[in-house]
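Chemist: The structure's right below; bear with me while I get my questions together.
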Amino acid sequence: MGVGIEVANLNAWYGANHALQEINLNIPANHATALIGPSGCGKSTFVRCLNRMHETDPIAHVTGTVLIGDLDIYKDANPVEIRRRVGMVFQRPNPFPTMSIYDNVAAGLKLNGYGNRHMLDEIVERALKNSALWDEVKDDLKKKSGASLSGGQQQRLCIARALAVDPEVLLMDEPASALDPVSTAKIEDLIFQLKAQYTIVIVTHNMQQAARVAEKTGFFLNGRMVEFDLTHKIFTNPSDKRTEDYITGRFG
Amino acid sequence: MLSTVLVVAPLVAIFVYLVYKGASSLNLDFFTQIPKPVGEAGGGMANAIVGSAILLAVGSLIGVPIGISGGIFLAEFGRGTKLANAVRFTADVLNGVPSIVMGIAVYSLIVVPQGHFSAFSGGVVLGIMMIPTVCRTTEEMLLMVPNSVREAALALGVPNWRSVLAITVKTASPGIITGCMLAFARVAGETAPLIFTAFGNVGRSTKLSEPIAALPLQIYVYAISPYDEWHRLAWAGALVLIMLIVLAVSLVRYVTSRGVMKGAS
């Protein structure tokens, strides 16, 4: 099951660049939450703070509090542990190029020392079914490499890989921006199904996409969160003039 | 087309000339007999072939692990640190040190304290000579692995060291293996550093603590001798040396290419 996320006074830097300033928001469990905003507004940085990927860049640092469920991730947990509870799907599909489809999905478990072959088979099958890829790949799970799939399939493979470690939260950083419309529609359908089991945070450039998949939407601008509300309110009756300007296409 | 010819021509020319000069002296005896005294016909280089194999095995056991660990450090853990810059600089300098100087260094560090020439010291010098090539190619190959692959592993909750070994190094392994082969092929023909270390041996010694024969040494000794018979054997030795290098490289390529799937880049 998914858990809620509470963010308080979050600040993030890249070197001297203050990329995120005083972010406060509560992300509800088992819902999809969209983050929109122009390029460079900090939305990707924000999701990378939710699984402590931000700090993998040596010049980056973070202050503030992030609660995933009741776990204070910047206080009493190590980053490796957190990333098992908070899965991530990236903008460009990034399957492990030397691994088969099966090994890609099993990678997170295998590399954490999980060796029960029978259970692995089951988990891989379930993850691929949950990411709607099973029917397309079930016959050559161990024959084909992950890199031999199409872009859309690769992205669903990456989703399956993230699901296989059984996270509580799934972060998606523009997961469909490198894909064609058909693949994009498949990913969106998937988000609909997945939020029954996971809390989903999706960064997107595409406002229609946010409107289609998310119950709540946050609008980011210049490293600050301008507005966070129900999606239909953001798109029909935003409280802030800047949100309105952005969604009506006056900038961005 | 022209550039292809220019690249391939020297290799083909050397090979054809070696076959022309050396093939006639190649027979079973060459691979089974040890050198005969001057004046006696026949004799072979069995001891030198075995000796070279032993020296290269010892050298690879030293040079490959050290070189690969150094490359991993440079590309993955030490990026941008002073220590990494120092290591990289040292490797580049080491690469430029003439092989005879390496031989003298190992001579004074191992041979003199021990009081005798040995196969071990010869292996050490070859191993040291392999380190810079292996180290720098490993680094280059690891840097070519896209960052998105590293992020994918980290985001799955895989500890960094594990992600480096199981994902990044594995992804770069074809290139790393090529680097090791390059280093291997380069030191396989080294003669100068072995003069002070392995020394050469006309008998069939395979002990690490004793002087040992080596193909390049044997070729050298035979080639500068005044005897026609020895000259012919030197040509044959050179041909065998080249063929052994090609064989070893092909074998490693074949073994490591199995299991790597088609379509993986």
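The values are calculated or read from the model by the stated rules, or taken from the named source; none is laboratory data. Here the structure is a predicted model, which means the values were calculated and not measured. Virtual Cβ from ideal backbone geometry, glycine too; neighbours counted across all protein chains shown.
Chemist: Looking at the range A:32-70 only, could you name the residues that are away from chain B (no Cβ under 13 Å), part of a loop (DSSP other than H, G, I, E, B) and in contact with a helix residue (DSSP H, G or I) (Cβ under 9 Å, 6 or more places away or on another chain)?
Modeler: Those that are away from chain B (no Cβ under 13 Å), part of a loop (DSSP other than H, G, I, E, B) and in contact with a helix residue (DSSP H, G or I) (Cβ under 9 Å, 6 or more places away or on another chain): A:Gly37, A:Pro38, A:Gly69.
Chemist: Give, as residue ranges, the helices (runs of 4 or more DSSP H) completely inside the range A:124-194 that count at least 1 residues that are touching a strand residue (DSSP E or B) at 6+ places or on another chain (Cβ under 7 Å) and modelled with pLDDT of 90 or more.
Modeler: Where helices (runs of 4 or more DSSP H) fall fully within the range A:124-194 and carry at least 1 residues being touching a strand residue (DSSP E or B) at 6+ places or on another chain (Cβ under 7 Å) and modelled with pLDDT of 90 or more, they are A:151-164, A:181-194.
Chemist: Given the residues B:Ala192, B:Ala236, B:Ala198, which is the only one that is within 23 Å of B:Phe15 (Cβ to Cβ), touching a residue at least 60 places away in the same chain (Cβ under 8 Å) and small (Gly, Ala, Ser)?
Modeler: B:Ala236
Chemist: Next question. Out of everything in the range A:75-96 that is in a loop (DSSP other than H, G, I, E, B) and in contact with a Cys (Cβ under 9 Å, 6 or more places away or on another chain), what residue ends up being surrounded by the fewest Cβ atoms within 10 Å (Cβ to Cβ)?
Modeler: In this case the residue turns out to be A:Phe90.
Chemist: Looking at the range B:182-201, which of its residues are surrounded by 21 or more Cβ atoms within 10 Å (Cβ to Cβ) and among the basic types (Lys, Arg)?
Modeler: If the condition is that a residue be surrounded by 21 or more Cβ atoms within 10 Å (Cβ to Cβ) and among the basic types (Lys, Arg), then no residue fits.
Chemist: Looking at A:Thr217, A:Thr204, A:Thr243, which is the one that is hydroxyl-bearing (Ser, Thr, Tyr), touching a strand residue (DSSP E or B) at 6+ places or on another chain (Cβ under 8 Å) and modelled with pLDDT of 95 or more?
Modeler: Step by step, each of A:Thr217, A:Thr204, A:Thr243 is checked, and only A:Thr217 is hydroxyl-bearing (Ser, Thr, Tyr), touching a strand residue (DSSP E or B) at 6+ places or on another chain (Cβ under 8 Å) and modelled with pLDDT of 95 or more.
Chemist: Could you please find all residues in the range B:1-60 being small (Gly, Ala, Ser) and in a loop (DSSP other than H, G, I, E, B)?
Modeler: B:Gly39, B:Ala41, B:Gly42, B:Gly43, B:Gly44
Chemist: Out of A:Ser131, A:Ser148, report the one residue that is crowded, with 17+ Cβ neighbours inside 10 Å, more than 9 Å from chain B (Cβ to nearest Cβ) and not aliphatic (A, V, I, L, M). Quick ask: steps written out before the conclusion?
Modeler: Details: A:Ser148 fails: more than 9 Å from chain B (Cβ to nearest Cβ).
Of A:Ser131, A:Ser148, the one residue that is crowded, with 17+ Cβ neighbours inside 10 Å, more than 9 Å from chain B (Cβ to nearest Cβ) and not aliphatic (A, V, I, L, M) is A:Ser131.
Chemist: Quick test for you: out of A:His31, A:His61, pick the one residue that is surrounded by fewer than 23 Cβ atoms within 10 Å (Cβ to Cβ) and closer than 14 Å to A:Gly218 by Cβ.
Modeler: On the way: A:His61 fails: closer than 14 Å to A:Gly218 by Cβ.
Testing whether each residue is surrounded by fewer than 23 Cβ atoms within 10 Å (Cβ to Cβ) and closer than 14 Å to A:Gly218 by Cβ leaves just A:His31.
Chemist: Okay, next question. From the list B:Thr171, B:Thr206, which one is of a type in the set (Ser, Thr, Tyr) and either within 17 Å of the chain's Cα centre (by Cα) or more than 30 Å from B:Trp230 (Cα to Cα) (or both)?
Modeler: Values: B:Thr206 fails: either within 17 Å of the chain's Cα centre (by Cα) or more than 30 Å from B:Trp230 (Cα to Cα) (or both).
From the options B:Thr171, B:Thr206, the qualifying one is B:Thr171.
Chemist: If you go through the range A:233-252, how many residues are touching a residue at least 12 places away in the same chain (Cβ under 8 Å), touching a Ser or Thr at 6+ places or on another chain (Cβ under 9 Å) and in a helix (DSSP H, G or I)?
Modeler: Of the residues in that region, 2 qualify.
Chemist: Could I ask something else about it? I'd like the full set of residues that are out of contact with any helix residue (DSSP H, G or I) (no Cβ under 8 Å at 6 or more places or on another chain) and either within 14 Å of another protein chain (Cβ to nearest Cβ) or in contact (Cβ under 8 Å) with a residue 60 or more places away in the chain (or both), limited to the range B:68-81.
Modeler: Answer for the range B:68-81, where residues must be out of contact with any helix residue (DSSP H, G or I) (no Cβ under 8 Å at 6 or more places or on another chain) and either within 14 Å of another protein chain (Cβ to nearest Cβ) or in contact (Cβ under 8 Å) with a residue 60 or more places away in the chain (or both): B:Arg79, B:Gly80, B:Thr81.
Chemist: Out of everything in the range B:165-181 that is of a type in the set (Val, Ile, Thr) and more than 11 Å from chain A (Cβ to nearest Cβ), what residue ends up being surrounded by the fewest Cβ atoms within 10 Å (Cβ to Cβ)? Quick ask: steps written out before the conclusion?
Modeler: Let us first name the residues in the range B:165-181 that are of a type in the set (Val, Ile, Thr), namely B:167-169, B:171, B:176-178.
Now restrict to residues that are more than 11 Å from chain A (Cβ to nearest Cβ): B:176-178.
Details: B:Ile176: 25, B:Ile177: 20, B:Thr178: 16.
The extreme case among them is B:Thr178.
Chemist: Ok, one more. Looking only at the range A:1-31, filter to residues that are polar (S, T, N, Q) and part of a strand (DSSP E or B); which one of those is nearest to A:His232 (Cα to Cα)?
Modeler: Filtering the range A:1-31 for residues that are polar (S, T, N, Q) and part of a strand (DSSP E or B), the one nearest to A:His232 (Cα to Cα) comes out as A:Asn26.
Chemist: Quick one: in the range A:82-101, of everything that is among the charged types (D, E, K, R) and facing chain B (nearest Cβ under 7 Å), which residue is nearest to A:Ser44 (Cα to Cα)?
Modeler: Of the range A:82-101, the ones among the charged types (D, E, K, R) are A:83-85, A:92.
Narrowing further to those that are facing chain B (nearest Cβ under 7 Å): A:83-84, A:92.
Details: A:Arg83: 16, A:Arg84: 19, A:Arg92: 13 Å.
Within the range A:82-101, the match that is nearest to A:Ser44 (Cα to Cα) is A:Arg92.
Chemist: Hey, can you tell me all the residues within the range A:107-123 that are within 11 Å of chain B (Cβ to nearest Cβ) and either touching a strand residue (DSSP E or B) at 6+ places or on another chain (Cβ under 9 Å) or in a loop (DSSP other than H, G, I, E, B) (or both)?
Modeler: Those that are within 11 Å of chain B (Cβ to nearest Cβ) and either touching a strand residue (DSSP E or B) at 6+ places or on another chain (Cβ under 9 Å) or in a loop (DSSP other than H, G, I, E, B) (or both): A:Gly108, A:Leu111, A:Asn112, A:Gly113.
Chemist: Yes or no: the range B:243-253 includes at least one residue that is over 15 Å from the mean Cα position of the chain (by Cα), without any contact (Cβ under 8 Å) to a residue 24 or more places away in the chain and either closer than 30 Å to B:Thr171 by Cβ or surrounded by fewer than 19 Cβ atoms within 10 Å (Cβ to Cβ) (or both).
Modeler: No, because not a single residue in the range B:243-253 is over 15 Å from the mean Cα position of the chain (by Cα), without any contact (Cβ under 8 Å) to a residue 24 or more places away in the chain and either closer than 30 Å to B:Thr171 by Cβ or surrounded by fewer than 19 Cβ atoms within 10 Å (Cβ to Cβ) (or both).
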